[in-house]
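Report on one structure; see the data block that follows.
Just so it is clear, none of the values below were taken in a lab; they were calculated from the coordinates. Keep in mind that this is a model prediction, so the values were computed, not measured. Note that we place each Cβ from the backbone using ideal geometry, even for glycine, and neighbour counts take in every protein chain shown.
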Amino acid sequence: MSERDEKASPRLKARIGGFLYLLIIAGSLFIPFAVAPTGLMMGDAALPSVARILADKQLYILSGTAQLMLGVCDVCLALILYELLKPVGKSLALLATFFKLIFVTIANANLFNHFAPLVLLTGSEPLRAFNPDQLHALALMFIRLRTTGFDIALVFFGFHCVLIGYLILRSTFFPRILGLLMMIGGVGYLANIFAAVIPPALAARLFPYIMLPAGVAELLLAMWLIVVGVNVVKWRAASAAL
């Protein structure tokens, strides 16, 4: 590898990470709601909402499959951020990666709850012992479990964001404001778990405001990684000090 390529390596990793981050943000915003509006994701008992799963069955399956692909992107991004932030603190960077991998594991395992309503509502042979109202109730239960499961996963993602923010704040090759915003956003993800113990109507009102700092922080970090990357000279100086 030439000296020029070697110097460009961390910046190239940063830009790849930035594009992955943008893909994850876009997918997280649109994929879950492709066939499931907010009311359905919150466990709305209205029959038309649940029936929409059957109306757009292929899109519903595609939505779940796409979320698995986003999990792959999440793992790749976690490894890139580890490589970029390792010079600041190897142990903390490793811990942040660990929390991200737990998040991905729980979120992907939670997709069993995503596909369960589809199985119940298609009325396969073993399910004929249940009447339609019972199947509807079971489908609704799995929808609510999916929401709860993702809230649990977000707790680990919140710890990941707080640690990533702290490492960025301590670094000399990223703007400190990005680190501060990521830490605030991480606290927002951690606070989201309380949505499971407050009335759904109140949770629906508070959710956008709790998540807003996190959304802004992650979008800014993704754009910075793409447009600027890292200060290569300072990054290599920090790497040499390991």
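Below is a table of values for the structure above.
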| item | result |
| --- | --- |
| Computed over segment 156-242, Cα set: Rg, Dmax in Å | 15.6, 53 |
| Charge context of residue 92, other residues only, Cβ under 12 angstrom, K/R +1, D/E -1 | +3 |
| Overall form of segment 68-198 per C-alpha gyration tensor (a/c, 1.5; a/b vs b/c) | prolate |
| Total formal charge among the other residues, if their Cβ is under 15 angstrom from that of residue 178, Lys/Arg +1 and Asp/Glu -1 | +2 |
| Positive-end extreme of charge dipole, segment 71-165 - chosen from 105, 160, 88 (charges on Cβ) | 88 |
